[in-house]
1. Just order 94-104, 273-283 by mean Cβ neighbour count inside 10 Å, highest at the front, would you?
2. Scan around ARG63 for amide H atoms under 5 Å from its own, H built in the peptide plane at 1.01 Å from N, and keep only partners 5 or more places away or cross-chain.
3. In square nanometres, what is one fourth of the surface area of the convex hull spanned by the alpha carbons of the stretch 270-327?
4. How many Å² of accessible area per residue for the chain, probe 1.4 Å?
5. Using a cut-off of 29 Å between alpha-carbon atoms, which lysines can reach LYS212, once sequence neighbours fewer than 8 places away in the same chain are excluded?
6. Rounded to the nearest 10 Å², what accessible area does LEU320 have for a 1.4 Å probe in the complete protein model?
7. Output the Kirkwood hydrodynamic radius of the stretch 105-240, Cα pairs only, in Å rounded to one decimal.
8. Over the chain, with a Gaussian network built from C-alpha contacts below 10 Å, which listed residue (GLU37, GLU66, GLU173) shows the highest mean-square fluctuation?
Amino acid sequence: MPHDPNSHSAPLPPGQQLAARGRWPQVGEREPEPLPEVWTVEIAGLVANPLTLTLDDLRTFPRADEAIDIHCVTRWSKLGLRCVGVRLADVLQRAAPLAAAQFVGFTAHSTRRHDTSLPLADALALGTLLVWEVDGRPLAVDHGGPLRTMVPGRYFYKSLKWLKSVRLLERDELGFWEREAGYHNTADPALSQRYMAPNLSRLEVRAALKSKNFAGRELRSIDCRGHELTGLDARGALLRDADFRDCPLAGARFDGANLSNAKFAGADLRGASFAGADVEGADFAGCELRECDFRRASLFGATFRAADSGPPTRLDRSTLFDLATLDALMPNELRYVRAALEA
Ligand SMILES: Nc1nc2c(c(=O)[nH]1)N[C@H]1C(S)=C(S)[C@@H](COP(=O)(O)O)O[C@H]1N2
Ligand SMILES: [Mo]
């Protein structure tokens, strides 16, 4: 099926934005461990017939050629990547899974033994592919070449670069991002399953809000909506997915904090510092951002544009950005921020 990514009719999942045309961000590990001379993939675990397959072996399976949409948890999407490879289902069939196999674990050729997993039934039903060619070119090493998995219908962290082994398991083994970063283990973009449920008690949340001291703490997904947090100290805190909408936060310090996907819409952040913070996917629409410091911040997928109906985002030359980091913004965001800084 010929495919023009810009005429794709499927709506984007909630909270996702299209990456700039022709641009495919690189996320996670930069490169594999030194590549083996002959690339092999092991099919092991609960199978009757364990296999070690070279890339040439894989090419003897029926060829799969499909348009796949990818959705990164940090909110960029690309639609209709033309992926050539083989179906996981076809490869597993030859390995003869045992009845006890309930999960499938994927491990990478990577120095940190990067891995991820899926329920076996989901991996098959979603049409997981082992891919070596994208949009007519051999898959680049940056993107997991010579061989990666592509799992349609799951956030992209379920798609493993530099595939080394596929193991069938009776019990699930949490993958790298799921363990280390609290990423949701189901990861359905249609349901915005980005992070595991927070494990904070209401008492802990109340005490933290009262102290206005989050420095160095792990307060993932904390709900601060509307709370008076002027001068908050949140340096180095882990605040992924935190909700700061409509908070008075003037002068707050978020230096070096992890704020990916945090919500700030409508907050008063005058003079706040985000120096060196990770604000990937964070939402600053309608915020007061004058005199804010975003230098050395990681801005991938962050939103600054005010909603048409909502209050304007206050952003001007007193708001500090490193020009180089602005490149990480989506094109329409970049235009918005540039215009505000130059006004
Ligand atoms: N081996 C390996 N695979 C990985 C990762 C990683 O760090 N190492 N990161 C995951 C994440 S979070 C994403 S969004 C995609 C990024 O793939 P890309 O760099 O080709 O865009 O790979 C996934 N697979
Ligand atoms: Mo990701």
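1. Working: 94-104: 15.8, 273-283: 24.8.
Result, highest mean Cβ count within 10 Å first: 273-283, 94-104.
2. Correct list: empty.
3. On the way: hull surface 14.4 nm².
Convex hull of Cα atoms, orientation-averaged projection: 3.6 nm².
4. Details: 15500 Å² over 343 residues.
Using a 1.4 Å probe on heavy atoms only, each residue of the chain averages 45 Å².
5. Leaving aside lysines fewer than 8 places away in the same chain, those within reach of LYS212 are LYS263.
6. 70 Å²
7. The answer is 17.2 Å.
8. Its mean-square fluctuation being the largest, the pick is GLU37.
The values are calculated or read from the model by the stated rules, or taken from the named source; none is laboratory data. All of these numbers come straight from a predicted model, not from anything done at the bench. Note: ideal-geometry Cβ built from the backbone for every residue, glycine included; neighbour counts use all protein chains shown. Surface accessibility is based on the protein's heavy atoms, side chains included, excluding ligands, DNA and RNA. Shrake-Rupley method; radii C 1.70, N 1.55, O 1.52, S 1.80 Å.
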